[in-house]
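Read through the structure below, which is laid out as structure tokens, and then see the notes.
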Amino acid sequence: MGKSITHKIIEKHLVSGEMIPGREVGLRIDQTLTQDATGTMAWLQFEAINIGKVRTDLSVSYVDHNTLQMGFRNPDDHRYLRTVAARSGAVFSPAGTGICHQLHLENFAKPGATLIGSDSHTPTAGGIGSMAMGAGGLSVALAMAGEPYFIPMPKVVKVHLTGALTGWAQGKDVILHLLGLLTVKGGVGKVFEYGGPGVASLSVPDRATITNMGAELGATTSIFPADARTREFLEKMGRGSDFTELSADADAAYDEIIEIDLGALEPLVAQPHMPDRVCRVSELAGKAIDQVAIGSCTNSSYSDLKNTAQILAGRRIPPSTDLLISPGSKQVMKLLAREGLIEPLLDAGARVLECTCGPCIGMGGSPVSAGVSVRTFNRNFEGRSGTQDGQVYLASAQTAARLALDGKFTDPATWGDAPERVELPAEVPSIRDLFVFPPAGDDAESVEILRGPNIVALEEFDALPAAIETTVALKVGDNITTDHILPAGAEITALRSNIPAISQYIFSRVDKEFVSRIKGLGGGIIVGGENYGQGSSREHAALGPRHLGVRAVIVKSLARIHRANLVNFGILPLLLVEPGDYDRLEQDASLTIPAAGIKPGNTVAIRLANGESVAVTNDLTKKELEIIQSGGLLNAVRNNQS
């Protein structure tokens, strides 16, 4: 039996475990990336491991999230990241150079390589055949230290593509179609591997858009073959030597196959407040639009923005609609400038922002109260835009640009001919000299790591007690995201290197009394529904609750990365045996969890104060349970070192 791309890469990088779906496998990691919102903590954790130099083929520290630099906190973090990268042997990407995933795709990602990043959209690099996964910062820190990355062996879903995109349909519409089909939890425990004759019709930027938003399916990652289109892309980036042909065997076996006819797709949009609430653009015709934002790691490529400029050229957006554009990298900006494509954006009334994540994480660019905002981003969670009642819709760059001109949703059938699909020019300007490469040899030892007053050392957490006598500090519903647990935005994200300070915002947009209540209780647990912790990889959504005294979460199901983060910081992730028992676990209820009786995969009875019990189980491995019992992964690593 032949092998899929996924199986080939995992087999080559397998350090431990069996390649049986659901079994834990340890993978050697070739590359890592961090960004400043999650990266400062990851680098503090790397320093705590105390090995000095990174042990990967490549580690890159990007600054792309907290670039507003309001006050001293953000710039202090950026200075720390620059100096710790130089001392530790990592590449540093300064603020304004671009968005980490766009930059990594252009400059560093390789077919067949393993990559983990402290950002959930790291799978963007799957667009050129890299097995790229989002992870918590501590997992990335350990990978930088040369440790394997452990995941449950995923199932592999083949997405068989036929035909070619036509008209106004774009790569974004492929992944929106899948989200509408499968929902935000339809990819949990799976890798989506794209194949079939339709693959050849998709450019690398289209592929990267699709793999980027595979994160919204809850997938472990998504990946495309490395073929002639990949070779051409890498050659134009000046990296032809990084190309390795990579494809599935003709007789490869898959756990599931999904068929998509690209030619049958039309412009789609995700409605508030979930990426899987997908409908045709035409269904919303007539709805007024207050704002359009084009950019993010999903749709800020040269091809997206050239098409945007072509659509806007010689026309003007209505005064009732704001248009924000964020190029993905300075390379994209240079290409647009060289071809005279920035002027049409400005003349149309657009605001051209810095090459950063920006509005995607609520870092400026918030819509008006209750405003309708069409964005080319990957998430439209409630409040993520910075406006709590903002109504955010997700669409492709071409769809967003066309809607900006109309100032309202219109039927694509009335748009006329779509702009031609864009290919990279023969000569692409390099921005490689903008990266700060680490000094060679002993010169790195003389680098002083500079820390500002907002950078607070990691606290040490205590081990798991034999019994947890506790209270339900908060009860929430289904699809709670990491944005619900810890909001983004300029004010809060500036505190990512200060856990005591940022913890004051845990669940602040869900229940304003949560922090004071759990402090009064002296700790507690969280009860949740399906898909708890979906969304961002931000480990602060586990670190903050742990700092406040959360020792367990009891839910119906968990998102992959957040589950791993809970384990990393010593929080028990428990699953209800009977989903109906969710209704019996009320907020403020007192209960006892027999932690000493928990074994991998077993069922235990949680005792309620009224004498009743609720059965919970777990999907923990022996090693994961030992980590939790130690009080977290750093404790476990220290214990092993001693």
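Only the coordinates and a few stated rules stand behind these numbers; no lab work does. Predicted model, so just to flag it, every value in this text is computed and none were measured. Every residue, glycine among them, receives a Cβ derived from its backbone with ideal geometry; neighbour counts consider all protein chains shown.
Calculate, in nm to one decimal, what Lys3 and Ala615 gain on full extension: separation in residues at 0.36 nm each, minus their alpha carbon distance.
216.3 nm
How long are the semi-axes of the equivalent ellipsoid of the stretch 34-94, defined as square roots of 5 times the Cα gyration tensor eigenvalues? Whole Å, largest first.
Working: eigenvalues 81, 27, 16 Å².
Whole-Å semi-axes of the equivalent ellipsoid: 20, 12, 9.
I'd like the FRET efficiency for Lys334 and Glu469, computed as 1/(1 + (r/R0)^6) with the beta carbon distance as r and R0 of 51 Å, rounded to 0.05.
Details: r = 61 Å, r/R0 = 1.19.
Once the sixth-power term is evaluated, E becomes 0.25.
May I ask you to sort Leu176, Leu165 by Cβ crowding, counting other Cβ atoms within 10 Å and putting the fewest first? The partial results should precede the final answer.
On the way: Leu176 26, Leu165 22.
Fewest-to-most ranking of Leu176, Leu165: Leu165, Leu176.
Quick check for me: using +1 on Lys/Arg Cβ and -1 on Asp/Glu Cβ, what's the dipole size of the stretch 323-365 about its Cα centre, in debye to the nearest 20?
Numbers: 4 positive and 4 negative charges, 30 e Å.
Using only the charged Cβ atoms, the result is roughly 140 debye.
Lys/Arg Cβ at +1, Asp/Glu Cβ at -1, dipole of the chain taken about the Cα centre: which of Val527, Gly328, Ser4 is farthest positive-ward?
Positive-most Cα among the choices belongs to Val527.
Peptides 31-39, 166-174: what's the order by average Cβ count within 10 Å, highest mean first? Show your work: numbers first, answer last.
Values: 31-39: 28.8, 166-174: 23.7.
So the peptides 31-39, 166-174, ranked by packing, come out 31-39, 166-174.
Antiparallel as a % of all DSSP beta bridges within the stretch 270-411, to the nearest 5?
Working: 3 of 16 bridges.
Of the beta bridges lying entirely in the stretch 270-411, close to 20 percent run antiparallel.
When only C-alpha pairs under 8 Å and at least 6 residues apart count, what is the relative contact order of the stretch 5-264, in percent? If you can, show how the numbers build up before the last one.
Values: 587 pairs, mean separation 58.4, N = 260.
Relative contact order comes out at 22 percent.
Using only alpha carbon positions, build the gyration tensor of the chain, then give the equivalent ellipsoid semi-axes as the square roots of 5 times its eigenvalues, largest first, whole angstrom.
Working from the Cα gyration tensor, I get semi-axes of 37, 27, 26 Å.
Considering all alpha-carbon pairs of the stretch 468-641, what whole percent are spaced by more than 26 angstrom?
Details: 3475 of 15051 pairs.
Summing the P(r) tail past 26 Å for the stretch 468-641 gives 23 percent.
Counting alpha carbon pairs within less than 8 Å and at least 6 residues apart, what relative contact order, in whole percent, applies to the chain?
Values: 1632 pairs, mean separation 91.8, N = 642.
Relative contact order comes out at 14 percent.
Given Lys110/Lys185; Lys190/Lys599; Lys236/Lys330, which pairs have Cα atoms separated by over 20 Å?
Those over the limit are Lys110/Lys185; Lys190/Lys599.
Considering only DSSP beta bridges with both partners in the stretch 5-264, what is the antiparallel share in %, to the nearest 5?
Working: 8 of 38 bridges.
In the stretch 5-264, DSSP labels about 20 percent of beta bridges as antiparallel.
Among Thr414, Leu495, Ser430, whose Cα sits farthest toward the positive end of the charge dipole of the stretch 372-498 (+1 at Cβ of Lys/Arg, -1 at Cβ of Asp/Glu, about the Cα centre)?
Farthest along the dipole direction, towards plus: Thr414.
I'd like to compare 491-500, 581-590: which one has the highest average count of other Cβ atoms within 10 Å, and what's the full order after that?
Values: 491-500: 21.0, 581-590: 14.9.
Ranking, from highest mean packing down: 491-500, 581-590.
Could you state the orientation-averaged shadow area of the convex hull built on the Cα atoms of the stretch 5-264, in nm² to one decimal?
Values: hull surface 55.8 nm².
So the Cα hull casts an average projection of 13.9 nm².
Given the chain, what percent of its DSSP beta bridges are antiparallel, to the nearest 5?
On the way: 27 of 84 bridges.
Roughly 30 percent of the DSSP beta bridges within the chain come out antiparallel.
Charges at C-beta only: +1 for Lys and Arg, -1 for Asp and Glu. How large is the resulting dipole of the chain about its Cα centre, in Debye rounded to 20? Show your work: numbers first, answer last.
Numbers: 58 positive and 71 negative charges, 104 e Å.
Magnitude of the dipole: close to 500 debye.
Could you order the peptides 46-53, 191-198 from most to least packed, using the average number of other C-beta atoms within 10 Å per residue? All intermediate terms of the calculation are to be shown ahead of the outcome.
On the way: 46-53: 16.1, 191-198: 22.1.
The most tightly packed comes first, giving 191-198, 46-53.
Suppose every K and R has +1 on its Cβ and every D and E has -1 on its Cβ; what is the size of the dipole of the stretch 38-109 about the Cα centre, in Debye to the nearest 20? If you can, show how the numbers build up before the last one.
Values: 6 positive and 6 negative charges, 45 e Å.
Using only the charged Cβ atoms, the result is roughly 220 debye.
For the stretch 412-549, what relative contact order do you get, as a whole percent, if you take Cα pairs closer than 8 Å and at least 6 residues apart? Present the calculation step by step, with values, prior to reporting the outcome.
Working: 134 pairs, mean separation 39.8, N = 138.
It rounds to 29 percent for the stretch 412-549.
Once you order the gyration tensor axes a ≥ b ≥ c over the Cα atoms, which shape class does the stretch 270-411 get: rounded for a/c under 1.5, otherwise prolate or oblate by comparing a/b with b/c? Write out the running numbers ahead of the final one.
Working: a/c = 1.71, a/b = 1.35, b/c = 1.26.
Cα axes put the stretch 270-411 in the prolate bin.
Given 0.36 nm per residue, what is the gain on full extension from Glu578 to Phe437 after removing their alpha carbon distance, in nm?
Details: separation 141, 0.36 × 141 = 50.76 nm, distance 5.33 nm.
Stretched out fully, the Glu578 to Phe437 stretch lengthens by 45.4 nm.
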